[in-house]
Amino acid sequence: MKTRDCDVVIIGAGVAGLAAAGTLRRAGKTVRCLEAADRVGGRILTVHDPLSPVAVELGAEFIHGRPPETWDILRNQSIAAYELRTEDAGGDPFPQSRGRRDESFETYIRGSRKPAAAKRWARHYVEGFNAARAELISMASLRQDADAADKIEGHRAFRIPGGYDQVPLTLLRSIPEHSSVVQLNSIAEQVKWRRRSAEVQFRSALSGQVGKLRCRQVVVTVPLGVLQAGAIRFDPEPTAILKAAATLKFGHVYRITFRFVRAFWDPDTGFLFSNEKWFPTWWTTYPQIAPLLTAWMAGSAAESYKGLDKASEALASLSRILNRKAPQPEAVYFHDWQADPFFRGAYSYVPVNGLPARNTLSIPADNTLFFAGEAANTTGHSATVHGAIESGLHAARQLL
């Protein structure tokens, strides 16, 4: 009787899952990677509209700094990327607190002697950049992130004009016999396991048919929101890991990209920052010239927004920012990450005193269940593509 279908089952074909799959396959492991969606890439979602002069990103868009996990892929594949003007991309608006006691950013900023306007700007920046609530996000985690960013020139930002999806597609093609490894439209629902043995039950998103894979070890790379929702049942539950997942927070973002007939803004415009309540931040494709504008709203504003017509709300905000009525767009590009059952939000952040949760999430259960993804990154690069890749590689090395 056949007792095992493969050595390792990986749940999720975002960049963490793909990086882990490639490493394990090249090490001689037999691997199956189950992806619930009909595509790879996770929170990288690129639209190639033939009517748009550049690729349109609905998820991750910017490369933050010079992380080797991303740049090695770009160099090896000769994928072009161009740099944004640093001053346009925003910057760290607050001095780093070095107190021993962790506190929320809101508590920290209230105790600061900065002018009220500077505090207001800092609050907008932290919530917008981290998709976090200022009264929840940990200053210790912000310090760790800032220190890690300094080591990779994190003040610099880059964009891939041909589309960020080239990164996960490169990772996919680097997996030996990838067509037999990655299985799309396969929704993992249950993991039954004991030490060095597991059975993963999944359901076809197309037919509803239920299947099972027997293996030695499982690498779980689904987004934090999916773990927190209990969408995958574990028998038995890895209590410490699930408690750590529940401790972390999963941010909320709305981003909408508009394509117009022509660019009607100053051609030197990179980013637009405002005090608008809804969709306060916008950016262009500068220094490339294209008639695209992206609206961004994150953190507490995104969580509290109840409007139904987000595009109209965004355009009204843009009209006030530019002090002129925005023209009717030719196309609107949007993906509701919060409502998507395979994601349930944008990216993770750490609440006060919650920094150890990332470490706990990255520690395997009985050398059988491994967890990876941006939320499990422990080096200060969480909430980034390169952090997710690094986490997938780390899980694969742990397993090996």
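The values are calculated or read from the model by the stated rules, or taken from the named source; none is laboratory data. Remember, it's a predicted structure, so these values are computed and weren't measured experimentally. Here the Cβ positions follow ideal geometry from the backbone for every residue, glycine too, while neighbour counts run over all protein chains shown.
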Q | Residues satisfying the stated conditions in region 329-359, i.e. among the β-branched types (Val, Ile, Thr) and under 20 Å from Met139 (Cβ atoms) | A | Val350, Val352
(Q) under 24 Å from Tyr349 (Cα atoms) and touching a residue at least 60 places away in the same chain (Cβ under 8 Å): is that true of Ala245 in this structure? (A) yes
Q: State the number of residues belonging to region 117-142 that are at pLDDT below 95 and under 12 Å from Val350 (Cβ atoms).
A: 0
Q: Identify, by number, the condition in (1) touching a Lys or Arg at 6+ places or on another chain (Cβ under 6 Å); (2) without any contact (Cβ under 8 Å) to a residue 40 or more places away in the chain; (3) among the charged types (D, E, K, R) that Glu330 doesn't meet.
A: (2)
Q. Any idea how many residues of region 334-381 are of a type in the set (A, V, I, L, M), part of a loop (DSSP other than H, G, I, E, B) and either under 16 Å from the mean Cα position of the chain (by Cα) or under 20 Å from Ala146 (Cβ atoms) (or both)?
A. 6
Q) Which fully enclosed strands (runs of 3 or more DSSP E) of region 1-91 have 2 or more residues being in contact with a helix residue (DSSP H, G or I) (Cβ under 7 Å, 6 or more places away or on another chain) and of a type outside the set (Val, Ile, Thr)? A) 31-34
Q: Search region 268-282 for residues that are over 16 Å from Gly299 (Cβ atoms) and pair each with any residue that is part of a loop (DSSP other than H, G, I, E, B) and of a type in the set (Val, Ile, Thr) when their beta-carbon atoms are under 8 Å apart and the residues are at least 6 apart or on different chains.
A: Thr269/Thr284; Gly270/Thr284; Phe271/Thr284
Q | Every pair of residues 6+ apart whose Cβ atoms lie under 6 Å, when the first sits in region 1-29 and is over 15 Å from Phe370 (Cα atoms) while the second is surrounded by fewer than 24 Cβ atoms within 10 Å (Cβ to Cβ) and of a type in the set (Ser, Thr, Tyr) | A | Cys6/Thr30; Gly22/Ser174
Q) Somewhere in region 68-79, is a residue at pLDDT 95 or above, more than 24 Å from Arg203 (Cα to Cα) and under 17 Å from the mean Cα position of the chain (by Cα)? A) yes
Q) In the list Ala188, Ala157, Ala132, which residue meets the criterion of being aliphatic (A, V, I, L, M) and touching a Gly at 6+ places or on another chain (Cβ under 6 Å)? A) Ala132
(Q) Looking only at region 1-42, filter to residues that are β-branched (Val, Ile, Thr) and over 17 Å from the mean Cα position of the chain (by Cα); which one of those is surrounded by the fewest Cβ atoms within 10 Å (Cβ to Cβ)? (A) Thr3
Q.
If I ask for residues that are surrounded by 19 or more Cβ atoms within 10 Å (Cβ to Cβ) and more than 19 Å from Leu45 (Cβ to Cβ), which ones from region 167-177 would you list?
A. Ile175
Q) Out of the residues in region 146-164 that are within 13 Å of Tyr82 (Cβ to Cβ) and of a type in the set (A, V, I, L, M, F, W, C), which is surrounded by the most Cβ atoms within 10 Å (Cβ to Cβ)? A) Ile160
Q: Output the residues belonging to region 259-292 that are under 15 Å from Arg324 (Cβ atoms) and not in a loop (DSSP other than H, G, I, E, B).
A: Leu272, Trp282
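Hey, does region 59-68 have a residue that's under 23 Å from Asn185 (Cα atoms) and among the basic types (Lys, Arg)?
Restricting attention to region 59-68, the residues satisfying the condition of being under 23 Å from Asn185 (Cα atoms) are 59-60.
Now narrow it down to the ones that are among the basic types (Lys, Arg): none.
So far as region 59-68 goes, no, none of its residues is under 23 Å from Asn185 (Cα atoms) and among the basic types (Lys, Arg).
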Q) Out of curiosity, is Ala140 under 20 Å from Trp71 (Cβ atoms) and small (Gly, Ala, Ser)? A) no
(Q) Exactly one of these conditions fails for Val191: (1) within 19 Å of Gly22 (Cα to Cα); (2) of a type in the set (A, V, I, L, M); (3) in contact with a strand residue (DSSP E or B) (Cβ under 8 Å, 6 or more places away or on another chain). Give me its number. (A) (1)
Q: Tally the residues that are modelled with pLDDT under 95 and part of a helix (DSSP H, G or I), restricting the search to region 96-107.
A: 0
Q.
Consider region 228-252. How many of its residues are more than 17 Å from Pro356 (Cα to Cα), among the hydrophobic types (A, V, I, L, M, F, W, C) and buried (at least 18 other Cβ atoms within 10 Å of the Cβ)?
A. 2
Q) Residues that are touching a residue at least 24 places away in the same chain (Cβ under 8 Å), touching a helix residue (DSSP H, G or I) at 6+ places or on another chain (Cβ under 9 Å) and not hydrophobic (A, V, I, L, M, F, W, C): which strands (runs of 3 or more DSSP E) entirely in region 135-224 hold 1 or more of them? A) 217-220
**Q.** The lone exception for Pro168 - which of (1) over 30 Å from Glu106 (Cα atoms); (2) touching a strand residue (DSSP E or B) at 6+ places or on another chain (Cβ under 7 Å) it fails
**A.** (2)
